[in-house]
Amino acid sequence: MGKKHTSNKVIVETILATGMSHKDAAALFSVSTRWIRELIHRYRKGGYQALEPRSRRPHSNPRQVPESTVKAILDIRQHLENNGQDNGAHTIRWHLQQQKITPLPAASTIHRILKGPGPRKVDTSGVSYAAWVSVAELSASKSSGARRLHQECRLRVL
């Protein structure tokens, strides 16, 4: 039998209105007696607002890469890319080591940072989705000129 979903407000109101024991309420609502005690405690301390679900997000992440390191990684990558050099995670890690950045992140961490939100290698500026679709449709035709145009557009986008 599945667990019934009941709002915390209904549980507290039922207990307060009927004078039901914590054990009976726990059995009725399919929750633990510890949770019943916690709900009653929260209600007495802060009213119905205190019964709202709380965030499960951690308050801090002590292992998070410092923002200054992330900025250095992105700056090094941009510099290497502008010079036409290898701008992979291992190369960037070597440059960070030369700059004596501590703590030195692992290459996998650098890769995750480069892959995450932010600047991308792909430049799709000037190519609209509608144009891309129409070129792709042309490419499906048997015309060699249309196929060549499609390949040129793909090279520009990719």
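The values are calculated or read from the model by the stated rules, or taken from the named source; none is laboratory data. Remember, it's a predicted structure, so these values are computed and weren't measured experimentally. Methodologically, a virtual Cβ is constructed for each residue, glycine included, from the backbone with ideal geometry; neighbour enumeration extends over all protein chains shown.
Just a few scattered comments:
- Total residues in the range 97-123 satisfying the condition of being β-branched (V, I, T), modelled with pLDDT of 50 or more and assigned to a loop (DSSP other than H, G, I, E, B): the figure is 2.
- The range 39-68: number of residues that are touching a Ser or Thr at 6+ places or on another chain (Cβ under 9 Å) and either loosely packed, with under 10 Cβ neighbours inside 10 Å or assigned to a helix (DSSP H, G or I) (or both): 1
- Flag for V10 being aliphatic (A, V, I, L, M) and exposed (fewer than 12 other Cβ atoms within 10 Å of the Cβ): yes
- Residues that are of a type in the set (S, T, N, Q) and under 17 Å from P117 (Cα atoms) within the range 71-86 comprise just one, Q78.
- From the list L16, L96, L74, the lone residue that is on the phi < 0 side of the Ramachandran plot and out of contact with any Pro (no Cβ under 8 Å at 6 or more places or on another chain) is L16.
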